[in-house]
Amino acid sequence: MIIKNQHDVTTAVLAEMARTPNPRTKEILSAFVRHLHDLAREVRMTEDEWRAALDYIIALGQRTSATHNEAMLMSGSLGFSTLICLLNNGDHGHTDTDANLLGPFWRAHSPPTPNGASIVRSPTPGPALFVKASFEDRQSRPIPGAAVDVWHSSPEGFYENQDPTQADMNLRGQFTTDRDGHISFRSVKPAGYPVPVDGPVGDLLRAQGRHNMRPAHLHFLAVKEGFKTLISQVYTPDDRFLETDSQFGVTRHLIGNYVRHDAGRAPADDVQNPWYSLDHTFVMEAGEAKLPKPPITGKAQGERPKFPRLA
Ligand SMILES: [Fe+2]
């Protein structure tokens, strides 16, 4: 159709899209165009603002590399990742779920590690943490033989992929649940950390007067045939950014029971007080066991980067 005014544009685009053969593609793209056009109308978007929006999109790609995924970070910073997660887990958002964000730091091929072993692979000072995690189905039956990836930041707030001073795959490991559906491992207590702010996500956070911190957490990814792959995080209850997570990942259900021990016999002889323990049970839903695409594939080289804190 020949366009006469701003209202006709939306009609014209939707009319051309009506030929889309795949019904789901048609549904998504039609809704996208309607909402995008309505957004511009609602805020009376100027030409300068539109150019700035395009620059944001360009920068998301330009800032993404083998060791960093700016698009994933932006999705989290807008709460979009958590919305998608909660829409697709826990009976489509109706019940509590152990599902949570994958985040930008999962790497494939974590080292297979026996239960009870440590995932500290290079000197990493910090309070010892002993984790026991149980995996069960919705009828509380244990799930043996699940492959469980674990990864987390150091007590200094760096994932090993960001930090050339840490050994490759430090604070990462893959465990297999035993006959009772349990894994266990030793590590160090993770710290909260700032997300990078040298790209468009930083521009967004500064423009909104927001900090760039994530509260401390452990990541889990569990795979077992017959179950939907469970991607989860378990947050420490003592972090001051729990209620203002820059990535909006914290749900009440996933604030873990990390216990601080100032006395008593630790599970290993070389442990100093205080040390911590975490015992957590995950419920896996029936579904498809498929792995997500790793957001990153490599490890940073050279100097340890400096991540400013906007807090
Ligand atoms: Fe994380």
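The values are calculated or read from the model by the stated rules, or taken from the named source; none is laboratory data. Quantities reported herein were computed from a predicted structural model and do not represent experimental measurements. All Cβ positions, glycine included, derive from the backbone under ideal geometry; neighbour counts span all protein chains shown.
Tell me, which residue of region 216-258 that is of a type in the set (S, T, Y) and surrounded by 18 or more Cβ atoms within 10 Å (Cβ to Cβ) is farthest from D98 (Cα to Cα)?
Going through region 216-258, the residues of a type in the set (S, T, Y) turn out to be 229, 232, 235-236, 244, 246, 251, 258.
Pick out the ones that are also surrounded by 18 or more Cβ atoms within 10 Å (Cβ to Cβ) and you get 229, 232, 235-236, 246, 251, 258.
Working: T229: 11, S232: 6, Y235: 12, T236: 15, S246: 20, T251: 9, Y258: 16 Å.
Ranking the candidates gives S246 first.
Would you check which residues across region 87-115 are without any contact (Cβ under 8 Å) to a residue 12 or more places away in the chain and in contact with a helix residue (DSSP H, G or I) (Cβ under 6 Å, 6 or more places away or on another chain) and list them?
Those that are without any contact (Cβ under 8 Å) to a residue 12 or more places away in the chain and in contact with a helix residue (DSSP H, G or I) (Cβ under 6 Å, 6 or more places away or on another chain): L87, G93.
Taking N170 and the conditions (1) part of a loop (DSSP other than H, G, I, E, B); (2) of a type outside the set (A, V, I, L, M, F, W, C); (3) at pLDDT 95 or above; (4) surrounded by fewer than 21 Cβ atoms within 10 Å (Cβ to Cβ), which numbered condition does it fall short on, given that it satisfies the others?
The number of the failed condition is (4).
From the list T25, T67, which residue is hydroxyl-bearing (S, T, Y) and over 25 Å from P155 (Cβ atoms)?
Details: T67 fails: over 25 Å from P155 (Cβ atoms).
Just one listed residue meets the conditions, T25.
From the list F175, F158, pick out the single residue that is aromatic (F, W, Y) and not in a loop (DSSP other than H, G, I, E, B).
On the way: F158 fails: not in a loop (DSSP other than H, G, I, E, B).
Only one candidate qualifies: F175.
Of the residues that sit in region 258-304 and are assigned to a loop (DSSP other than H, G, I, E, B) and of a type in the set (K, R), which one is nearest to P237 (Cα to Cα)?
Result: R265.
Filter region 203-253 down to the residues that are among the hydroxyl-bearing types (S, T, Y) and within 20 Å of L310 (Cα to Cα) and list them by number. Give the steps one after another, and end with the answer.
Start the filter on region 203-253 by keeping residues that are among the hydroxyl-bearing types (S, T, Y), which leaves 229, 232, 235-236, 244, 246, 251.
Correct list: T244, S246.
Select the helices (runs of 4 or more DSSP H) contained entirely in region 38-146, then report the ones holding at least 2 residues which are surrounded by 13 or more Cβ atoms within 10 Å (Cβ to Cβ).
Working: elements: 47-62, 70-77, 80-88, 90-93.
Hits in region 38-146: 47-62, 70-77, 80-88.
All but one of (1) within 16 Å of the ligand (Cβ to nearest atom); (2) assigned to a loop (DSSP other than H, G, I, E, B) hold for D149; which doesn't?
(2)
For K189, state whether it is among the basic types (K, R), within 16 Å of the ligand (Cβ to nearest atom) and modelled with pLDDT of 95 or more.
Judged against the criteria, K189 is a match.
Pairs under 9 Å by beta carbon, first residue free of Cβ contacts under 8 Å to residues at least 40 places away in the same chain in region 11-28, partner small (G, A, S) and assigned to a helix (DSSP H, G or I), six or more apart or different chains?
That search, which allows pairs on different chains as well, returns V13/S30; L14/S30; M17/S30; A18/S30; T20/S30.
If you take the residues of region 259-305 that are exposed (fewer than 12 other Cβ atoms within 10 Å of the Cβ) and among the basic types (K, R), which of them is nearest to H109 (Cα to Cα)?
Restricting to residues being exposed (fewer than 12 other Cβ atoms within 10 Å of the Cβ) and among the basic types (K, R), the top hit is K293.
So if I check each of S122, S134, which one is away from the ligand (no atom under 15 Å from the Cβ) and either under 25 Å from G287 (Cβ atoms) or of a type in the set (K, R) (or both)?
Values: S122 fails: either under 25 Å from G287 (Cβ atoms) or of a type in the set (K, R) (or both).
Only one candidate qualifies: S134.
Being among the polar types (S, T, N, Q), within 14 Å of the ligand (Cβ to nearest atom) and in a loop (DSSP other than H, G, I, E, B) is the filter; apply it to region 211-246 and report the residue that is nearest to H152 (Cα to Cα). Quick ask: steps written out before the conclusion?
Restricting attention to region 211-246, the residues satisfying the condition of being among the polar types (S, T, N, Q) are 212, 229, 232-233, 236, 244, 246.
If we keep only those that are within 14 Å of the ligand (Cβ to nearest atom) too, we end up with 212, 232-233, 236, 246.
Remaining after also requiring in a loop (DSSP other than H, G, I, E, B): 212, 236, 246.
On the way: N212: 17, T236: 12, S246: 17 Å.
Among those residues, the one meeting the criterion is T236.
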